[in-house]
Amino acid sequence: MPPSPELDQIVADLGLAQRPVQLVWNKIDAAEPGVVEALVNRFGGLPVSAMTGEGLEHLLDTVEHALFRG
């Protein structure tokens, strides 16, 4: 479960270790009640649903901030 050493290695292999990384939980519309909240509380990240659009505005704001204002 994120974060993982394997993910850290992949990011490093791609030469992106110094870049911001954002954990995103997709398909929150399909999750059982409480599961998304538990994942976010334990690991952090942003919950989104590409199907319903829930959380996408927050994700876009977060990416914009990291790229252009951070």
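The values are calculated or read from the model by the stated rules, or taken from the named source; none is laboratory data. All values derive from a computational prediction rather than experimental measurement. So basically every Cβ, Gly included, is an ideal-geometry build from the backbone, and we count neighbours across all protein chains shown. Just so you know, the surface numbers come from the protein's heavy atoms only, side chains and all, with ligands and any DNA or RNA stripped out. Shrake-Rupley method; radii C 1.70, N 1.55, O 1.52, S 1.80 Å.
At-a-glance table
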{"read-out": "Net charge over other residues, Cβ less than 12 angstrom from the Cβ of residue 47 (K, R count +1; D, E count -1)", "value": "-2"}
{"read-out": "Approximate spin-label separation residue 50-residue 12, in nm, with each point projected 7 Å along Cα-to-Cβ", "value": "2.9"}
{"read-out": "Heavy-atom surface of the chain, accessible at 1.4 Å and reported per residue (Å²)", "value": "79"}
{"read-out": "Inter-site label distance for residue 60 and residue 24 at 7 Å from Cα along Cβ, in nm", "value": "1.2"}
{"read-out": "Length added when fully stretched, residue 35-residue 69, from 0.36 nm per residue minus Cα-Cα", "value": "9.0 nm"}
{"read-out": "Peptides ranked, highest mean first, by Cβ atoms within 10 Å: ranges 33-39, 47-53", "value": "47-53, 33-39"}
{"read-out": "Charge dipole (debye, nearest 20) of region 20-62; +1 at Cβ of Lys and Arg, -1 at Cβ of Asp and Glu", "value": "180"}
{"read-out": "Long-range amide H partners of residue 50 with built H, under 5 Å", "value": "27, 28"}
{"read-out": "Accessible-area composition of the chain, carbon plus sulfur, in percent [1.4 Å probe]", "value": "58"}
{"read-out": "Nonlocal amide H pairs with residue 24, under 5 Å, H built at 1.01 Å", "value": "46"}
{"read-out": "Which label in (1) 0.96; (2) 1.09; (3) 1.01 gives the computed Rg/Rh (Cα atoms, Kirkwood Rh)", "value": "(3)"}
